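Only the coordinates and a few stated rules stand behind these numbers; no lab work does. Since the model is a prediction, treat every value here as computed from it, not as a measurement. FYI the Cβ positions are ideal-geometry reconstructions off the backbone, even for glycines, and counts take in every protein chain you see.
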Amino acid sequence: MSATVAQRFAEQLAHAHAAVPTALPGPAFCALAEQVLAVLFPERATQRLATADAVAATLYQLQAELTTLLGLVPELPAAPAELAGSLFDQLPALREILLRDADATLAADPAAQGLAEVISSYPGFYATAMHRLAHALHGRGVPRLPRLLSEYAHRQTGIDIHPGARIGRAFCIDHGTGIVIGETAQIGNHVQLYQGVTLGALSVAKSQQGLKRHPTIEDYVVLYANATILGGSTVIGTRSIIGGNVWLTESVPSHSRVYHRAQLHMARQDDPAGEVMFVI
């Protein structure tokens with residue numbers, strides 16, 4: 001790179017840096033979210049808080065840290081202290097709903113050995129917990145930070161949940177890798193999702209911004225692996241079961257069973273030791 005080109009490039013980058021007033025505290029914010037979860041769920045903590053005073057002091061400190069971090073975010077809808085206080089006031093309810101998520105996962109997964117295992121090691125529970133934190137901030141109009149938190153959880157788990165998605169009680173994600181839940185998706189109570197499920201939009205045109213683009217999943221629905229449900233007007237009715245690899249762009253009524261039936265052909269050589277070939 002010549003000196004002239006290097007100088008022009010440096011000037012362009014300096015202008016770009018100057019145009020961004022404050023770098024968002026993404027890593028510090030995600031670390032703070034991890035600390036909040038560790039207080040709410042000692043199964044995730046590396047250090048126990050043995051007394052109520054220790055818990056209260058830790059929560060007070062974390063709320064103060066959140067206030068400081070929010071102070072670095074431009075265009076907040078309210079004062080940083082007000083937003084942080086509002087979020088921490090919601091922590092008792094947040095813990096309660098997350099315990100119901102963990103209970104639902106334990107009840108649905110025969111491999112789960114106990115509630116402590118679900119809370120400490122299940123990626124579905126972790127992704128759901130991070131989503132509920134991100135959704136709480138998103139609902140308060142905090143810009144950008146909720147998406148940073150959801151993408152952090154996405155990197156950790158392979159589960160991609162937009163912070164705008166609305167998810168009901170007793171939510172269960174089993175395995176979870178490859179799940180995508182879009183911004184305007186609405187999920188009811190007691191819903192189970194398996195790996196590879198997509199709740200997406202029929203169109204990704206920018207003109208659809210602000211409209212409901214993602215499906216509604218009603219209560220007690222099970223979506224098996226790699227099911228794809230698309231469209232803002234698509235509704236999966238209560239107590240329906242959507243089988244693996246199903247592609248849906250239209251609504252189904254309650255108590256439906258939707259599945260993909262593959263044709264299986266098997267050919268085998270006369271020699272029992274020969275190669276067995278399966279064609280699907």
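Observations
- Placing unit charges on the Cβ atoms only, positive for Lys and Arg and negative for Asp and Glu, gives region 2-67 a dipole magnitude near 140 debye about its Cα centre.
- A simple charge model with +1 on the Cβ of Lys and Arg, -1 on the Cβ of Asp and Glu and nothing else charged puts the dipole of region 165-261 at about 100 debye relative to its Cα centre.
- Among beta bridges that DSSP assigns inside the chain, antiparallel share in %, nearest 5: 15
- 3J(HN,Hα) along region 161-173, derived from phi through the Karplus expression 6.51 cos²θ - 1.76 cosθ + 1.60 where θ = phi - 60°, amounts to 10, 5, x, x, 4, 9, 10, x, 7, 6, 8, 10, 10 Hz, with x in place of Gly and Pro.
- The shape of region 1-99 comes out prolate: with a ≥ b ≥ c from the C-alpha gyration tensor, a/c is at least 1.5 and a/b beats b/c.
- Per-selection Rg to Rh, region 165-261 - Cα, Kirkwood hydrodynamic radius: 0.94
- Helical segments meeting 15 Å axial Cα length and Kyte-Doolittle -0.5 threshold in the chain (DSSP H): 3-19, 26-40, 52-70, 91-108, 123-139
- Computed helical MRE - 222 nm, the chain, DSSP H runs ≥ 4 contributing -39500 (n - 2.57), nearest 500: -13500 deg cm²/dmol
- Under 5 Å, built H, 5+ apart or other chain: amide partners of Ile187: Arg166, Ile167, Gly168, Ile217
- Once C-alpha pairs closer than 8 Å and six or more residues apart are averaged by separation and normalised to the residue number of the chain, the relative contact order reads 10 percent.
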